[in-house]
Each structure stands twice: as structure tokens, then as C-alpha cells.
1. What's the percent breakdown of Cα-Cα distances in region A:52-195 across 10 Å bins, shortest bin first?
2. Set the Förster distance to 56 Å, then compute FRET efficiency between A:LYS757 and A:ASP203 from the Cβ-Cβ distance, nearest 0.05.
3. Roughly how many Å² of A:PHE252 are accessible to a 1.4 Å probe, to the nearest 10?
4. With each label point set 7 Å from Cα along the Cα-Cβ vector, what nm distance links A:LYS449 and A:SER784?
5. Can you pull the one-decimal nm distance between simple spin-label points at A:ASP19 and A:LYS224, each 7 Å off the Cα toward Cβ?
6. For region A:741-800, what percent of Cα pairs sit more than 20 Å apart?
7. Once fully extended, how much extra length lies between A:GLU105 and A:SER574, figured as 0.36 nm per residue of separation less the alpha-carbon to alpha-carbon distance?
8. How would you classify region A:398-547 from its alpha-carbon gyration tensor, with a ≥ b ≥ c the square roots of the eigenvalues: rounded for a/c under 1.5, else prolate if a/b is greater than b/c, otherwise oblate?
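The values are calculated or read from the model by the stated rules, or taken from the named source; none is laboratory data. Owing to the predicted nature of the structure, the values given are computational and were not obtained by experimental measurement. Don't worry about glycine lacking a Cβ; one is built from the backbone with ideal geometry, like all the others, and counts go over all protein chains shown. Just the protein is used for accessible areas: all its heavy atoms, side chains included, with ligands, DNA and RNA removed. Shrake-Rupley method; radii C 1.70, N 1.55, O 1.52, S 1.80 Å.
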Amino acid sequence: MSSNYKPQLIEKNIQESWDKQNKYVTRIDDREKYYCLSMFPYPSGKLHMGHVRNYTIGDVISRYKRMKNFNVFQPMGWDAFGLPAENAAIANKVNPKDWTSQNIENMKVQLKSLGLSYDWSRELRTCDPDYYKWEQVIFKKFFDAGLVYRKKSMVNWDPVDETVLANEQVIDGKGWRSGAQVEIKEIDQWFIKITKYAEELLDSLETLDWPENVKTMQKNWIGKSYGAEIKYRLDGSKDFLTTFSTRPDTIFGVSFLAISPNHSLAIKLAENNKEIFDFLEKCKEIKAAEADIAKADKFGINTNINVIHPLTGDKIPIWIGNFVLLDYGTGVVMGVPAHDARDHEFATKYKLDIKQVIETDNNELPIVEKGELINSENFNGISSDIASKKIINELIRLKLGEELIQFRLRDWGVSRQRYWGCPIPVTYKDNVPKVIDEIDMPVELPKLKEDSLPIPLSQNKDFIEISENLKREGDTFDTFMDSSWYYARFTSSNNNTEIFDENTRYWLPVDLYIGGIEHAILHLLYSRFFHKALRDIGLVEGDEPFKRLLTQGMVLKDGAKMSKSKGNTVDPQSYIEKYGADTVRLYMMFTSPPEQSLEWSESSVEGSARFLKKVWNLVNKRKYNNLDDQFKFSEDELAVRRKSHATLKKVENDYEVRFSFNTAIAAIMELLNFIPEDFKYAEASKSKKYCLDEAILFILQMLFPIAPHICEHLWKEFYEEDSDIEASWPKVNESLLEVEEFELIIQVNGKVRGRVKIHKSAEQEEVKNIAINVENVKNFINSSEIKKTIYVKDKLINFVI
RNA sequence: GGGGAUGUGGUGGAACUGGUAGACACGCUUGGCUUAGAACCAAGUGCCGCAAGGCGUGGGGGUUCGACUCCCUCCAUCCCUACCA
């Protein structure tokens, strides 16, 4: 054995031996199963620190669970469709498929060098026809189940490049490549009825062992609200405008209605009104993203049309407002300036009536809280909640409204006007769409001609035109479709004849899903929806795909997310080469708890390397003595044993319950520092040797999930060549942890003034007498009267003077 | 605009249930080893103060015998906002 720690020498050998044994290829057996899944990466070309962090967390837990005798399944694959491949194709004149394949090869080598215990036999990539065939099959089944429909919807349109742009491709209202002013355009798209599952998606959140913040985000995103649908008759017409409001109690304060610029009424009015037409044109300049619409200055235009207030009969003006979203509710907002901040701002700007109809202790408008009604005819004096009910009843009686539960969640538009994605398996005969038969799937993405840029599929005539009146759908699926069911396909990815099989039934649900917090809403909600819809068409079992969730924070540098555009990326590969995978893994786990963001620090990496070196130097050239524990241990020997077992207990809890790897590592470091020098001497007594051996085994076992190469290597050298460290986990000896004495904290007025060793069996009166006579405590109490004594057993005593 | 988080020494962080603030590291200082450096080892290290002691967890206020932890308020930063993944 070489005497210095050289990770480059040992890591590669150990990784090869794992490969040779097929150690992490998993099969159904009779142990308890554990499906540990980390979010698969987009193959951008290089692993970044966020990946390293994500995959190390997954690997630590997988290895720990294996040591605890679970049958662990940890697969890895590639979210291989998406925009960056098209961008790279344009920038570097490479085929998206070749670019993607090359990237996958590179990243796979990088992942392997990290020593991650994946079952590579289940590897999948979403751009393979073998994968997306089944996505097309699912689409058909969803269609047959009535979950799919076609609807017009808004996109960002670049009039120069004549392409649809993603939100991130619109910069300051301009196309990123052409620089042209982007317009909002309405086109036909495929939608999936996720809203049909809104109620269940909301309710079953409760059953999930997920972080509260993620559950809250999903709950707010789904946005269930109770209110009323209220109909306003257009003045001089039999037609109505319908609005939804969560505050029918404020109906007497309505001073205008605001409709979306995309509302059919607005579009109709623009036909004969230049001013309105120009206004709508101006609205089209704001990018389609919600954040941009919400941040844009609120402006509006009076249509000079009125509606009739359903209860007062007053005439109320209709405005068009750029802040009204067509997709939410009915695309019509009832403006109550006195009781809504946005309406107040709008009414102030355009000098519209502001009529207070709710009274609270607060008298500054807008009053958005509930209160008691005023200026509301015969509803005056009634509290908001009761008044809402009464007003809804009145509207029902007049047939001008009804009670309604509204969701913020919108149906999922899955059409994308791109090339590098899964073709939507539809044909059009005389413009009538038909989902193609399963037997004709997959509809393969056509290869690009040499030197061709990745033009949107819809512009590929050879693909689109089957015959004169039979055409193919030219859109591809949203890549969120690809990633919404991969967790299930991993279990059966080698099965070419069935989408799912007995492996799926064995492995699902995912026991632990690990990924970035940035996916807290969209990806996780889509996947949950997919699972429920797949369940209802009989393809999977259970109600939820991911039992437990761990959301890791971002990896930052200089306080910002690492990104190419900011030029603050740190390449993990150079660190793996310089320090070895174990050091990088240890650093990642030690430097920050997983849910928090991690600030990259150059110098701390050194510290992690140093610790592994210390472990190496302790164990190296030493040999397990194979002694039994029949010794009369001295006090300092007992202290070492106690420390070993207390550390083990803490580490188990940190790994399993808290996912708090940084404190687990700190505890292992403490144990290492705790071992007295004389225990390590060659001439040390057998009882000391026993204590040291025990500590060494524990350290290697506890550290193995995080730094598997060095620990496995040392385990074989120190303990037994033929023994598998990953098939072992020590047991806590609880009796060693029982102590007779503890340190009592003595406070005077809540401040620590002394501490003293106390026997656990001591009575309160006895403890008080000891505490009060501690020299420093005496000085502080002086001759003052003790007004109160607070005693917390086995912890502290506080004298209030 | 809305939703979700975070804020503790020079730095990363610990304090798990309202009960010892700063564990464990990084860095720095001093000493040892060395021709020198690196590495390693030992000691010290929140701030002010000679000390006694005082102050201290983004700012302000509150509850409590006791607050990093609970409540109110303000500020800063990060993530998501439905076509980046």
C-alpha cells in the first residue's frame, strides 16, 4: 500500500470493479425496495456544480439505504429534447442529434468519474424513438380519455425570423436573434386538461412527505378560490359580460369592468375603431410572460360601452385593460377601486369613481380586508362573508349570477413550434385532426438534411405533406411532456413491447425524488398530473409518483446562480481531476445543507481534501485486531466508545430523517479529532486498540456513502479484503450512551453565570442549593431577593432577581 | 405585480422541541519542523475592553424568567411566474 493518499490511483480501480461486478444493476428481490431518483439532466455538454450536488445527494442516500439492506434502484438518463440543441445547431452548424449524443457521451464519462452508483442498464434518453413512441401512445390514450383538445392561444411571434419565440428568447420586447419587435400572436394549439385534476392535485398534496414550502407553492399555483360568477348585461343589448369575483360583497363598489385586450369584444370593437385598434396593437408589444404583464405600466382605454349593474341598474363603463389576462377566469374583471389595490391604481389614473362599500378599523383606501358593508342598499351592516352569500342568492334569484369555485390553474398547452422535440402524432385530413393509430407509432422525427438549420418541423414539407389533402401535425411536444413520466419508464426502459411491466409495479412509487427547487411547481405538478391520468387509464398504480421530495438549493458563485451568461461557472471536472471525486463529493455535502443555496468557495475544497487525508493517515498501515469487547474499560476508553456510538446515532438521524449531511460530516470529524494520541501507539493496550478499531470501522462506514472510494479501499485494507462495506452498518449500543452526570447551566436573569456538574438523580432543591453557591453566581445574586426560579431538568436553572 | 425562500464572526455554516449563540471547517495570527517554501503539528481567533464586564444572530418594535427560534413591521438577496430546463 502506498503511504500517501492518492485518490487518482484508487478511484478508477474501484469504479472499474463496481462495473465489472455489475454491482448496481438492480433486480426485483424480497428485500424492501427503495427507488431513489435524481432529476435527470438536460445534456448541455458539461456537468455543472448543480448536477454534482444533486447527484451526490442521491448517491449518498442510495448508498446509505443499501448499507441498511434496502434493494435500491437508482437510474440515470437524459432529458434530451429542447431548445439549446437547436441553438447550438444554429451557432455551430451541427446536427441537434449529433450534438446531443456527443454531449451525453461526455457527461456520462463525467458522471461515472464521480462514482455514482447508478443502474446504467436502465439508461434512457427522451429523444430516442423507443422512448417517445410511448409518449405518443400516452397522448393517444389521453385523447381517447377526453383529456386533449385544441384551442387558440397566444405566443411570442418574431415577424422577421417568422418563428415562435420562448419567453427567454424575448429580450426587452425584441427577438434575441433578429432584434425585431416581438408581437403577440394567436395560434391553434393542443391542450391537455390538467384542470380536470385540479381538485385532486390540491387535495392529495396532504398525503405527500414533501417540504411544506413546495406544497404551499403548488397549492397557491392551483389557486382554488370561492366566489361568484356575475353577469352584466350590455347596455342596449341582450348579451352579457360574465365576470368572476371572490368578493361579491363589494359588488356595490363596482365602478368599471375591465376586459382583456384579447377578449372577443375588444377585438370586435377594434374593427371599427382606430383608437381601440391602436391600443390593442400596443398591448401586443408586451411579452406573453405573466411577470412581464404584471410589471408593465397599467394602461387602459374606455370603450364607451356600458353594462348594467345587476343590482343597482346603474350604467357601468367597460374599459380594456392591459393587465387583464384572458386565460384566467373569464377575461373580465369587475373593478372595485375602493377595495382592490390594482383597481384603485387604475381608477386613480383614469379618474374613475371610487366608492367605498366596506368598512373596517382601517380607513385608508383601498381597504382590501373584509369588514362590514356600507353604501350597499339593504346589505348595509352585514359582515363580508355573510353578505357575499346573501348577494349571491340575490343574483341567483335574478338569474344574473351563481356561486362558483374557480381555479387559477390553466390547462396545459403542449404544442411547440420547433424541430428538436417529440412529434405530435396527429394527421389532418382536410384540416380535421386525427390522432394516428398506435400501430403506426412512433411518428419519427425526420432527419435533417446535411447543412440544414433546424427549421421548425412545420416547415419541413417532406414530413408534413403525406398527400394532397392529408397533412401531418407540424408541432412538437413541450419537453415537460418528456419529463412527466420518465420516472415510471425507468423501471421498464428495456421493455420494447410494453410501456410498463411487473418492474413498474414493483418499483413505483419513487421513494425519494431529489432535484432543484426551481422545479417546485411546473415539472412536479405536470408529473403528478401524468401519474393520476396514467392511473385512470390503467397504466400505473397509486395516486402519486413521488412519495418523498428533497429540493436542493442553487449553487451560487458571488451570490448569483452559476451561468454561462454571467461568466461565473466553475467546472467540476477540473476539481475531480485535481482532488478526486471523494473530495468533491465531501465538499458538496459539507459546505451547506442540501435545501439551502450553496456558495462556491475555492479554499474550502482544500479543507475537505485535508480531512480525507487525515482519515487515510489514521487507517493506513494499521490492521484490525479482531478483539472481542470483554474488557474492563477505563474512563478515557469508555469516553472514546461513547463518542463513537453517540456519533453513529447522530449520523443515522442526520442521514435518514434530516438529510443533514453537513452536520453528519462535522460529527464524524469530531469523532476523529476526539481519539487521543496514545490510543494510536503500537504499544497501546488491547482495550485501547479495541476502542480505536471500533472508531475506525464506524468512521469508514459512516463516511462511506459520501466518500465511497477511499472508504471501500481502506475497509478492504484494514478490515477484510472479501468483505463489502456497503453490506454493513454498525449498531448503536444504547447502554454506552447513558451517562450519570450532566453540566447544569446556571443563569441569573437569563444570562449564563456559571456551570456545574450535577448527578442526574439530584432533586430540584438540591440542584438549587448547589447552583446558588457557585462563586460567580453568588456575586451576581449578591444580597438580592430571588423572585423566581425556573428549573429545566437536566439542563439549566435560571434565578430571576 | 403575485407566490415561495433566505439573512448568524473575516468566510461556509452549527444551535433538531423557546433554554449554553458561533459546533465543524475555511481563513488569519503566533510558535514548532525546514536552508527556504509547501505540507504537517501545537496554541489562539465574534466585537469592545488591561480587567471586571458590556455588546452581539439584516434594521426597528413586541411577547417571555429566557428569543437565531414566536408575533408585527421595514430592508436586502435568491428562486418560480405556465414556451429555459
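1. 9, 23, 28, 26, 11, 2, 0
2. About 0.55, to the nearest 0.05.
3. Accessible surface of A:PHE252 is approximately 10 Å².
4. Rounded to a tenth, the inter-label distance reads 9.2 nm.
5. Here the modelled spin labels are 5.2 nm apart.
6. 14 percent
7. Going from the current span to full extension adds 167.1 nm.
8. oblate
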